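For reference, the structure discussed in these notes is given below.
The values are calculated or read from the model by the stated rules, or taken from the named source; none is laboratory data. It should be emphasised that the depicted structure is a prediction, and the values quoted were computed from it without experimental measurement. Every residue, glycine as well, gets a Cβ built from its backbone with ideal geometry; the counts of neighbours run over all protein chains shown.
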Amino acid sequence: MTGNSAPSALWPAPTASGSVDATVTVPGSKSVTNRALVLAALASEPGWVRRPLHSRDTLLMAEGLRRLGVGIETVPNSASGPGTGRGDAWRVIPAGLHGPASIDVGNAGTVMRFLPPVAALADGPVHFDGDPRSYERPQHGVIDALRALGARIDDEGRGSFPLTVHGGGALDGGEVDVDASSSSQFVSALLLSAPRFNQGVEVRHTGSSVPSLPHIRMTVEMLRAAGAQVDTPDCGGEADVWRVAPCALLGRDMVVEPDLSNAAPFLAAALVTGGRVTVRDWPERTTQPGDALRELFTRMGGSCELTEQGLTFTGSGRIHGITADLHEVGELTPVVAAVAALADSPSELSGIAHLRLHETDRLAALAKELNELGGDVSETADGLVIRPRPLHGGVFHTYEDHRLATAAAVLGLVVEGVEVENVATTAKTLPEFPRMWAEMLEKDAGTTAGTAPSFEPRA
Ligand SMILES: O=C(O)C1=C[C@@H](OP(=O)(O)O)[C@@H](O)[C@H](O)C1
Ligand SMILES: C=C(OP(=O)(O)O)C(=O)O
């Protein structure tokens with residue numbers, strides 16, 4: 001948790017004048033967009049990624065692939081083909097992967113982990129560097145596994161960035177053990193490129209349980225949709241094993257779902273103001289972890305309904321604490337913690353020790369920032385205990401973490417005087433956040449007196 005220095009720009013988080021009543025269109029999923037880009041780049045024919053997310057993480061992924069020789073062109077909505085609905089598209093034209101190249105990974109876990117295996121297939125050196133935080137986030141799972149599969153990587157013993165992958169034009173592949181207990185992205189990274197390894201791959205997870213399993217399921221489903229053969233003899237069990245056979249990937253036409261994790265602050269707005277928010281185009285079936293918000297937020301008060309319009313969440317005017325193991329859906333933690341701080345009973349969030357290695361140490365940052373607004377939050381070995389207390393305004397530091405900024409915005413709806421440091425950090429996955437938040441509040445009904453909670457926790 002670095003970066004708690006002089007606050008840059010402060011964004012006065014708007015308060016809700018009453019119950020929020022809005023319908024929002026959430027841009028595409030970061031996780032789906034970046035997987036779709038990698039799979040399209042490795043395919044044997046051109047493909048489409050429709051309604052992609054345009055954010056720092058996805059632009060870094062697109063640029064990284066371009067540096068290796070892949071063609072990625074933006075095609076406006078009207079020209080991107082019939083029946084595709086809203087949004088533009090990326091036309092991806094695979095090509096021979098070439099070094100020398102230099103790639104910026106920023107602080108994007110997906111770029112950090114998914115691109116080195118692609119670079120191992122290039123025919124020259126590929127240098128990777130990124131934000132200072134990329135030097136601290138775990139990368140050993142990818143580096144050690146790629147070496148075991150035949151790649152040459154020069155990291156000067158750091159086990160992290162900056163590093164150079166000396167691509168040899170091909171990679172043997174085969175069986176490899178990986179301890180993915182600090183990030184599921186190690187497994188996803190190896191599986192995504194594996195159809196192009198000479199022998200494919202068999203990844204065996206060793207170590208305590210892998211977090212974020214829905215993201216591995218997303219990888220498996222998207223690989224299969226691109227024509228790969230993936231076996232998961234024991235997916236979700238103690239000894240997790242994933243096998244991908246070598247094959248030529250198809251150039252597909254992939255439509256990116258809305259980012260359900262980025263829907264979290266908007267649904268939370270309905271919960272904490274006793275209002276109603278509809279998120280358009282919520283998929284009936286999805287591997288995104290954000291789908292768990294339906295159950296989590298229902299347990300915290302309110303109800304939801306999935307219709308043709310999307311997912312409508314309606315707050316009840318009461319917010320309850322929750323005991324939840326968020327191991328599989330860790331990226332929802334910041335917004336869940338913000339809601340929990342406003343509840344009528346304590347919450348215990350567990351299974352999320354790996355969040356200390358995300359954009360920032362999220363457990364430490366959430367505890368510190370909530371406590372500075374008057375909260376009573378303590379860290380446990382693998383989570384947070386949140387005892388609601390009346391909160392007051394103040395500066396909420398964000399540590400270059402998009403999800404801390406959106407969590408702070410949720411608090412600001414009902415706590416006067418919350419100022420969010422560097423709200424622009426939401427550009428990692430949702431550059432439009434401040435505008436979307438303002439628009440949601442413009443549509444605020446503000447007329448349902450008596451249904452909005454008082455925001456004075458009772459516990
Ligand atoms: O593969 C992915 O797209 C992601 C996997 C998860 O990473 P961890 O397994 O490191 O938590 C998640 O938190 C991240 O936001 C996105
Ligand atoms: C952990 C996250 O991102 P990353 O892809 O950088 O790991 C996140 O978005 O919550």
Out of LEU363, LEU413, report the one residue that is within 15 Å of ligand 1 (Cβ to nearest atom) and buried (at least 24 other Cβ atoms within 10 Å of the Cβ).
LEU363
Is it the case that some residue within the stretch 35-51 is under 14 Å from the mean Cα position of the chain (by Cα) and not charged (D, E, K, R)?
no
One residue is enough: does the stretch 291-300 have a residue meeting the conditions within 26 Å of VAL92 (Cα to Cα), within 19 Å of the chain's Cα centre (by Cα) and buried (at least 24 other Cβ atoms within 10 Å of the Cβ)?
no
For the stretch 386-398, state whether one or more residues are at pLDDT 95 or above, more than 19 Å from ALA263 (Cβ to Cβ), charged (D, E, K, R) and touching a Leu at 6+ places or on another chain (Cβ under 7 Å).
no
Can you go through ALA194, ALA189 and tell me which one is within 14 Å of ligand 2 (Cβ to nearest atom), closer than 24 Å to ALA95 by Cβ and crowded, with 24+ Cβ neighbours inside 10 Å?
ALA189
What are the residues in the stretch 317-361 that are more than 21 Å from the chain's Cα centre (by Cα) and without any contact (Cβ under 8 Å) to a residue 60 or more places away in the chain, if any?
HIS320, ILE322, THR323, SER347, GLU348
Tell me whether the stretch 263-273 contains one or more residues that are part of a loop (DSSP other than H, G, I, E, B), closer than 26 Å to HIS327 by Cβ, touching a residue at least 60 places away in the same chain (Cβ under 8 Å) and assigned by TED's automatic domain parsing to the domain that holds THR23.
yes
Looking at the stretch 191-217 only, could you name the residues that are touching a residue at least 40 places away in the same chain (Cβ under 8 Å) and more than 12 Å from ligand 1 (Cβ to nearest atom)?
SER193, ALA194, PRO195, ARG196, PHE197, ASN198, GLN199, GLY200, VAL201, GLU202, VAL203
Using beta carbons and a limit of 7 Å, which pairs, at least six apart or on different chains, have the first residue in the stretch 121-144 and over 27 Å from ASP172 (Cα atoms) and touching a residue at least 40 places away in the same chain (Cβ under 8 Å) and the second one among the acidic types (Asp, Glu) and within 15 Å of ligand 2 (Cβ to nearest atom)?
ARG133/GLU359; ARG133/GLU400
Do you know which of the residues in the stretch 149-173 that are farther than 22 Å from ARG196 by Cα and small (Gly, Ala, Ser) is nearest to the chain's Cα centre (by Cα)?
SER160
Tally the residues that are under 12 Å from LEU366 (Cα atoms) and either polar (S, T, N, Q) or out of contact with any helix residue (DSSP H, G or I) (no Cβ under 6 Å at 6 or more places or on another chain) (or both), restricting the search to the stretch 337-348.
1
Could you check how many residues of the stretch 38-57 are within 12 Å of ligand 1 (Cβ to nearest atom) and either out of contact with any Lys or Arg (no Cβ under 7 Å at 6 or more places or on another chain) or at pLDDT below 95 (or both)?
1
